[in-house]
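This report concerns only the one structure given below.
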Amino acid sequence: TPSGLAGDSLAMAERAVEQCTGRTGVEKVPCYEQLLLPLVKERGVETVMATLGRVASLDSDVARDGHVLAHGIGIAAYSSQEDVARTFARCSPAFQSGCYHGIIQAYFEHAPASSAEAVNELCAPYRGAAGNRWLLFQCVHGMGHGLTMVHGHVLPEALRGCDLLSDGWDREACYGGAFMENIVNATAPHHAGAGLMARQGSTGSSHAAHAHGVKQADSAVVAAAAPQALRFKALDPADPHYPCSILEERYQLACYGMQTSAMLHLNGGDIAAAAGACDGAPPPMRAPCYQSLGRDISSYTLQDPDQSIRLCSLGSERYRPWCFVGLVKNFVDLTATTESAFAFCAKVPSGPSRMKCHEALGEQIGILKSDLSERSILCDRSERGYVEACRFGARLIQERPAGLPLPANGAGR
């Protein structure tokens, strides 16, 4: 029964927290992993994801970093069934849809062929007018994670795998997954997906090395067992813009969409310094960099609206609206719902920043809802004066509302 499921999850969560809360940061994720992931086959994906949610309510570290544990749950789920569509149906969008991403990672580890036909067919069920654009994003984003792991964390090889996707929107989502995996592997080399796949005897030999903590000084993590002895330095302490600074133009937007995670890792979590580094990015990439900063601020503050707005305000006024874009998109991404996002936009300073907030919320609604009438109903919840910004973001209208800042990177409308 639902009440029985809830009680089961609560009991398992309390036991896990009791055993793991005293661990240090680097030991905590493996501790929860060892307790929760074996339960996937025994109790089911739904129960373990519910348990993870309860753990997060009791342990703020998991509330902040539960995405990587959700990846591990997805990997364990796929390894039990080896059926992407059926397993997707059992995941949830909690923890930024990490469960979905883990399933795709596991798929590539078990069937790592990366031909154009293979990568385009994998997410085909979610395309088209009758498809689910939200699940399509999770699928192609997870593909970026999976390709990066399959290629031994040699990032350029993974990006070339994403290039095989025929649709530009799919490619960008795949690039984003690749850049996320590159940074997560560099900053948290014991993260759940890697450790689990190493123990399961994955074909991706880099996981065995990375699960044993193989890394260089100054967080310059390399793939220790990449094919043909290739090596790729994930981060460069001397360059806060690396790897964006060495990659081709077509990868820049997705790279800067994740780059502040690298910056904050290297500068010890200094938000103002990261904003300053974004100001030094190539001009077309400054807005995407600020959007990345907003996403990271959401994690740092555990989605506290007032604290998030204060931290975004540490950046330059010109690009501040894009920091709020990153924040509100993350509010939606975390749960695939819009309630907290509407509440957040209502607190953002009025004017260009609030307009961008509502436009970004509309963009997320456009991914969540394929039906135009459903998009319209949701956008009507925006405050008076900002409904049109939401409708523009949701692709319900074509004319840009007055006062809405133009895309600073040349992308979009």
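The values are calculated or read from the model by the stated rules, or taken from the named source; none is laboratory data. Here the structure is a predicted model, which means the values were calculated and not measured. Quick reminder, even Gly has a Cβ in these numbers, built from the backbone with ideal geometry, and neighbours come from all protein chains shown. When the accessible area is computed, the model is the full protein with side chains, heavy atoms only, and any ligands, DNA or RNA have been set aside. Shrake-Rupley method; radii C 1.70, N 1.55, O 1.52, S 1.80 Å.
Annotations
- SER299, sole failed condition from (1) surrounded by 22 or more Cβ atoms within 10 Å (Cβ to Cβ); (2) more than 24 Å from SER370 (Cβ to Cβ); (3) modelled with pLDDT under 95: (1)
- Filtering the range 143-188 to residues that are open to solvent by less than 40 Å² (accessible area, probe 1.4 Å), closer than 17 Å to CYS123 by Cβ and part of a loop (DSSP other than H, G, I, E, B) leaves only LEU165.
- When the range 87-115 is limited to residues that are open to solvent by 10 Å² or more (accessible area, probe 1.4 Å), part of a helix (DSSP H, G or I) and more than 22 Å from ASP333 (Cα to Cα), the one that is modelled with the lowest pLDDT turns out to be HIS110.
- Test for ARG381: is it farther than 28 Å from ALA273 by Cα, of a type in the set (D, E, K, R) and at pLDDT 95 or above: yes
- Residue that is farthest from ASP239 (Cα to Cα) [pool: residues in the range 275-303 that are charged (D, E, K, R) and under 15 Å from the mean Cα position of the chain (by Cα)]: ARG295
- The range 260-302, subset touching a residue at least 40 places away in the same chain (Cβ under 8 Å) and among the polar types (S, T, N, Q), residue nearest to PHE331 (Cα to Cα): SER299
- Among residues of the range 22-45, those that are in contact with a Lys or Arg (Cβ under 8 Å, 6 or more places away or on another chain), open to solvent by 30 Å² or more (accessible area, probe 1.4 Å) and under 14 Å from HIS71 (Cα atoms), counted: 0
- Residues that are of a type in the set (Gly, Ala, Ser) and in contact with a Ser or Thr (Cβ under 7 Å, 6 or more places away or on another chain), drawn from the range 130-168: GLY152, ALA158, GLY161
- Filtering the range 246-283 to residues that are part of a loop (DSSP other than H, G, I, E, B), within 15 Å of TRP322 (Cα to Cα) and either open to solvent by 10 Å² or more (accessible area, probe 1.4 Å) or of a type outside the set (Gly, Ala, Ser) (or both) leaves GLY257, MET258.
- You will find that of ARG375, ARG310, ARG286, the residue that is part of a helix (DSSP H, G or I), open to solvent by 20 Å² or more (accessible area, probe 1.4 Å) and closer than 26 Å to PRO93 by Cα is ARG375 and no other.
- Any hit, the range 336-344, residues being within 23 Å of MET258 (Cβ to Cβ), under 21 Å from the mean Cα position of the chain (by Cα) and either open to solvent by 40 Å² or more (accessible area, probe 1.4 Å) or of a type in the set (S, T, N, Q) (or both): yes
- Hits in the range 313-335 (condition: among the hydroxyl-bearing types (Ser, Thr, Tyr), under 24 Å from GLY280 (Cβ atoms) and open to solvent by 30 Å² or more (accessible area, probe 1.4 Å)): SER313, SER316
- Hits in the range 369-390 - residues which are closer than 16 Å to VAL325 by Cβ and in contact (Cβ under 8 Å) with a residue 40 or more places away in the chain: SER382, TYR386
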